[in-house]
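Bear in mind that the values in this text are calculations on the coordinates, not laboratory data. Keep in mind that what you see is a predicted model, and the values were worked out from it rather than measured. As a convention, Cβ positions derive from the backbone with ideal geometry for all residues, glycine included, and neighbour counts pool all protein chains shown.
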């Protein structure tokens with residue numbers, strides 16, 4: 001299992017062993033290179049203004065930017081684009097600091113031979129973590145170029161203006177392009193501070209609803225996903241899958257598959273796979289393999305939630321992700337009413353729009369792999385371990401990818417393609433089928449959430465006992481003021497392979513918490529909005545809840561018994577949301593979502609349109625998920 005919620009990957013810098021500053025500048029064509037170094041590296045540069053001589057590049061680097069003599073601006077990040085428009089917002093951040101148009105900036109993402117090491121694109125961390133880094137880079141480049149111009153012209157730098165990739169001195173009328181100035185700067189700039197970054201209220205490019213950079217290529221089919229990538233003499237691979245989770249291979253006969261013209265069959269332990277000249281032949285060959293499996297009994301859907309609670313992992317690991325305050329027992333005893341409820345969440349398959357896909361090629365002992373993943377360097381590490389070769393001999397390239405939902409953290413597909421390619425002696429493409437996405441990929445954890453609470457007659461919470469089994473600890477803490485509370489996450493054995501899923505366990509914990517708040521409001525006869533506000537002190541979450549309610553027109557009277565209204569609020573990773581919903585029951589089998597009104601507060605917004613679209617998509621996705 002790989003779940004970046006349960007155990008986040010620790011940051012580790014990339015090291016370009018043996019590559020000094022001059023060699024690297026030669027590889028990118030000279031010019032100005034700006035690195036965002038960690039706090040440990042930046043002080044070594046005194047003012048953060050240079051990395052001279054033939055020294056090796058600093059190890060702890062999170063991002064960099066290059067301005068070439070031909071005025072080309074290129075920014076580099078280990079993040080990847082998985083459909084949420086990060087490429088556009090990150091480009092906006094760079095363009096904003098350099099006072100240039102977005103079209104002037106080229107952003108290189110997810111190529112392990114070109115970008116600094118990155119833990120991965122997950123946990124809603126790209127905007128809050130990478131935008132500040134890229135802004136620091138671009139701002140440092142701008143300041144360095146202004147310094148160079150002021151020195152060359154012997155003028156006051158404070159009188160210079162920056163626009164359209166040029167530095168201008170209005171008084172003398174002198175103008176120089178970025179590239180001209182960059183070619184005269186004799187050092188790599190390293191920045192560890194952000195004191196020259198433009199504040200949000202002065203943004204010009206960031207803060208606007210910029211169009212998705214490669215939107216036309218996406219909608220016209222011009223963009224090439226990993227699943228579209230082809231190479232000369234490339235073969236297509238398929239892997240023999242077990243019929244159920246945990247099944248063991250007993251025997252296998254590959255004779256029939258091996259006799260199909262143009263088919264290469266590989267057997268390495270329990271790894272059985274084929275490679276063929278086309279997808280149809282590969283599919284035919286894999287079905288021709290006769291395999292016998294020893295399958296273990298599986299629990300039924302009815303037994304799932306009991307199984308989870310009966311298989312809690314003990315010791316310290318069994319009580320992670322929570323907190324305790326006061327005495328829950330005392331809070332329950334003092335309550336006018338108590339409520340004890342259980343909520344369950346099911347396994348859900350990710351099934352991204354673009355299935356897992358990888359193209360592998362071995363050439364002169366070096367492995368190059370094109371794949372759709374959220375963790376390029378994580379996949380590189382898996383390949384290094386699988387083949388026992390140095391990191392320098394593995395390159396992972398991630399084209400903009402057709403969604404992931406947390407399902408593309410692991411590199412099985414990449415390793416499969418690489419194994420087949422090495423065996424066949426030719427490039428091999430492996431694309432998982434929809435069946436494999438549903439049956440072989442890891443799923444979102446199922447879970448059981450027990451909530452016990454107490455409340456006074458006038459609607460004040462006195463006790464909150466919240467236990468999540470298996471689903472996860474993300475957003476497990478309550479935003480409501482409760483003097484006596486215990487909030488705990490309990491890992492448990494899972495009958496299926498599971499891992500991260502979009503939103504992690506925040507969706508499950510919010511679902512249980514807000515459902516319970518509605519039930520409590522009903523128990524004390526209070527309006528759900530009034531009940532929530534009576535137990536909330538955080539001004540930001542109160543504001544989004546009240547704003548959504550006001551725009552919705554809460555409270556509303558039902559015009560029919562088949563009409564209903566609901567509300568909820570929550571926060572996660574610095575974002576706050578309040579939501580009101582109107583539904584109607586059209587028939588015994590159909591519930592219609594008539595209206596959803598939401599208010600968000602997630603701080604400074606890089607691209608307002610980019611916030612609106614995923615917001616609406618999340619509503620639809622969430623409604624669909626709850627209907628499963």
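Sorting the segments 498-508, 378-388 by their residues' average number of neighbouring beta-carbon atoms within 10 angstrom, most packed first, yields 498-508, 378-388. Using the Cβ-Cβ distance between residue 113 and residue 340 with R0 set to 56 Å, the FRET efficiency works out to roughly 0.50.
Quick one: work out the % antiparallel among DSSP beta bridges in the chain, nearest 5.
Rounded to the nearest five, the antiparallel share is 80 percent.
If you take the Cα centroid of the range 420-466 and the Cα centroid of the range 61-122, the two points sit 31 Å apart.
Its Cα gyration tensor gives the range 446-587 an equivalent ellipsoid. The semi-axes, each the square root of 5 times an eigenvalue, are 26, 19, 16 Å from largest down. Computing FRET efficiency as 1/(1 + (r/R0)^6) for residue 613 and residue 323, where r is the C-beta to C-beta distance and R0 is 30 Å, gives about 0.30. Using every pair of separate Cα atoms, the Kirkwood estimate puts the hydrodynamic radius of the range 538-628 at 14.3 angstrom.
Taking 7 Å steps out from each Cα toward its Cβ at residue 573 and residue 493 produces label points 3.3 nm apart.
Add -39500 (n - 2.57) for each DSSP H run of 4 or more in the chain, then divide by its residues: what number comes out at 222 nm, to the nearest 500 deg cm²/dmol? Counting only the DSSP helices, I get -8000 deg cm²/dmol. Gain on full extension, evaluated as 0.36 nm per residue between residue 310 and residue 211 minus their Cα-Cα distance, stands at 30.6 nm.
Taking the highest mean first, how do the peptides 609-621, 70-82 order by number of other beta carbon atoms within 10 angstrom per residue?
Details: 609-621: 14.6, 70-82: 22.7.
Top to bottom by mean Cβ count within 10 Å: 70-82, 609-621.
Take the Cα of residue 560, step 7 Å along the line toward its Cβ, and report every residue of the range 592-609 whose backbone nitrogen sits under 18 Å from that point. It comes to 592-596, nothing else. With a simple spin-label model that places each label point 7 Å from the Cα along the Cα-to-Cβ direction, the separation between residue 158 and residue 174 comes to 1.9 nm. Among 289, 593, sorting on how many other beta-carbon atoms sit within 10 Å of each Cβ, with the fewest leading, yields 593, 289.
For Cα pairs less than 8 Å apart in space and 6+ apart in sequence, what is the mean separation divided by the residue count of the range 533-590, i.e. the relative contact order in percent? Present the calculation step by step, with values, prior to reporting the outcome.
On the way: 61 pairs, mean separation 20.4, N = 58.
Dividing the mean separation by the residue count of the range 533-590 yields 35 percent.
Any idea how far apart residue 228 and residue 438 come out in nm if each label point goes 7 Å out from Cα toward Cβ? Taking the simple label geometry, residue 228 and residue 438 are separated by 2.7 nm. Scattering from the chain was approximated by placing one identical point on each alpha carbon and applying the Debye formula without solvent; log10 I(q)/I(0) at 0.06, 0.12 1/Å stands at -0.41, -1.30. Shape summary of the range 75-176, radius of gyration then Dmax from alpha carbon positions: 16.0, 50 Å.
Pairs of Cα atoms under 8 Å, at least six residues apart: use those to get the relative contact order of the chain, whole percent.
On the way: 1328 pairs, mean separation 87.4, N = 628.
Computed over the chain, the figure is 14 percent.
Its Cα gyration tensor gives the range 361-433 an equivalent ellipsoid. The semi-axes, each the square root of 5 times an eigenvalue, are 19, 14, 10 Å from largest down. How fast does the range 511-584 diffuse by Stokes-Einstein, in µm²/s, taking the Kirkwood radius from C-alpha pairs at 20 °C and 1.002 mPa s? Answer from the Stokes-Einstein relation: 167 µm²/s.
Could you order the peptides 221-232, 276-287 from most to least packed, using the average number of other C-beta atoms within 10 Å per residue?
Numbers: 221-232: 14.8, 276-287: 17.9.
Most protected by this proxy first, the peptides run 276-287, 221-232.
Fewest neighbouring Cβ atoms within 10 Å first, the residues 493, 426 line up as 493, 426.
Can you give the FRET efficiency to the nearest 0.05 for residue 255 and residue 302, using r as the Cβ-Cβ distance and R₀ = 56 Å?
Values: r = 42 Å, r/R0 = 0.76.
It comes to 0.85.
Out of all DSSP beta bridges with both ends in the range 423-526, state the antiparallel percent to the nearest 5. It would help to have the intermediate numbers written out before the result.
On the way: 8 of 15 bridges.
Percent antiparallel among DSSP bridges in the range 423-526 is about 55.
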